[in-house]
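Q: Sharing a structure, written as structure tokens. Questions coming.
Readers should treat all values here as calculations from the given coordinates under stated rules, not as data from a laboratory. Model, not experiment: these values are computed from the prediction. FYI the Cβ positions are ideal-geometry reconstructions off the backbone, even for glycines, and counts take in every protein chain you see.
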Amino acid sequence: MLPRKKSHHFSVVLPLYKPIGNWEELFLQNVKELNDLLSENVTVRYIVVYDGLPEESVYETFQSILQNNPTISFLSYASNMGKGYALRCGVREADTDYVIITDFDFPYAKRNIVELMDLLVDGYDVVVGKRSESYFRQLPFKRKIISETCDLLKKAFLDLPSYDTQSGIKAFNKNGKEAFLETTINRFLIDTEFLLRSHKKHLAIKEINIELESYVRFSNFGFKVLREEMNNFFKLLHLNKKLRKGFAA
């Protein structure tokens, strides 16, 4: 008799805030498409974290979803705290050996998610997505300028194994989970903080090219968000200095 393949269990953490359009149909379709790509020995738990107090219609829709989909969980809390906070909430809830974080609308090709899974099983602690040339071609001009400026600042001031930290898809094992739960930033620069902490812990980090799904449309950043992210960048400078000296942070 051939040996049975070892089972592998993943959690996919999906932050959510004020979904629009036919989001329920698209969400369930994305879950089905990913599940259809998985091997028989792979199971996935989907953890949706609503960043704040959900509208009644969203809450009721998810109660209906949960009744028919036992592999989907739904979490929420009282106040809007930011994407980073929501991700930590979901990662803390994950009880599997491996965790993947991505956006609720599954903006990256499903085959990229499977590739991340395979690399974790192969032994990497952390796998991060690197945005491809086609990704940048789809970015609005303002987002492209902001992204390039962020990369320049990170290259100049932070000790990172990769300076393209802004894609919203990351994967990690229990070592990476420990690093992720040490993060403190509540907004988008949590991705950079996580990679910085993982690098300083000497975790095995792998980078892969990722592609966007054709339906993705980028939102715009307001001045308030940019100001908060600049404050978060200064926090990262301080963290980088402490980690470089070997202090606990």
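Q: Please sort by residue number the trypsin sites (Lys or Arg not before Pro) in segment 1-83 whose DSSP state is loop and whose Cβ has at most 10 other Cβ atoms within 10 Å.
A: Details: sites: Arg4, Lys5, Lys6, Lys32, Arg45, Lys83; in loops: Arg4, Lys5, Lys6.
Those that pass, being in a loop and sparsely packed, are Arg4, Lys5, Lys6.
Q: Relative to the present Cα-Cα distance, how much length would full extension add between Glu213 and Lys110 at 0.36 nm per residue of separation?
A: Values: separation 103, 0.36 × 103 = 37.08 nm, distance 0.85 nm.
So the chain would gain 36.2 nm between Glu213 and Lys110.
Q: Taking the mean number of other Cβ atoms within 10 Å as a proxy for protection, how do you rank 87-98, 232-243 from highest to lowest?
A: On the way: 87-98: 19.4, 232-243: 15.5.
In descending order of packing, they fall as 87-98, 232-243.
Q: Quote the FRET efficiency, to the nearest 0.05, computed for Glu40 versus Asp95 with a Förster distance R0 of 30 Å and r equal to the Cβ-Cβ distance. List each step's numbers first, then the result.
A: On the way: r = 21 Å, r/R0 = 0.70.
FRET efficiency, Glu40 to Asp95: 0.90.
Q: Next question, about the same structure. Ranking Phe10, Phe180 by Cβ neighbours within 10 Å, fewest first, what do you get?
A: On the way: Phe10 22, Phe180 25.
By the 10 Å Cβ count, ascending, the order reads Phe10, Phe180.
Q: If you take the beta carbon distance between Glu55 and Leu28 as r and set R0 to 22 Å, what does 1/(1 + (r/R0)^6) give as a FRET efficiency, to the nearest 0.05?
A: On the way: r = 19 Å, r/R0 = 0.85.
The computed FRET efficiency comes out at 0.70.
Q: What FRET efficiency comes out for Leu152 versus Ser64 if R0 is 41 angstrom and r is the Cβ-Cβ distance? Round to the nearest 0.05.
A: Values: r = 47 Å, r/R0 = 1.14.
Rounded to the nearest 0.05, the efficiency is 0.30.
Q: What distance in nm lies between label points placed 7 Å from Cα along the C-beta direction at Asn80 and Ser7?
A: Placing both labels 7 Å along Cα→Cβ, they lie 4.0 nm apart.
Q: Once the piece of chain linking Lys18 and His238 is laid out straight, how much longer is it, given 0.36 nm per residue of separation minus the C-alpha distance between them?
A: Details: separation 220, 0.36 × 220 = 79.20 nm, distance 3.31 nm.
That works out to 75.9 nm of additional length.
Q: Additional query: Please list the non-local residues whose amide H lies under 5 Å from the amide H of Glu207, H modeled 1.01 Å from N, same-chain partners needing a gap of 5 or more.
A: For Glu207, the qualifying residues are Val128.
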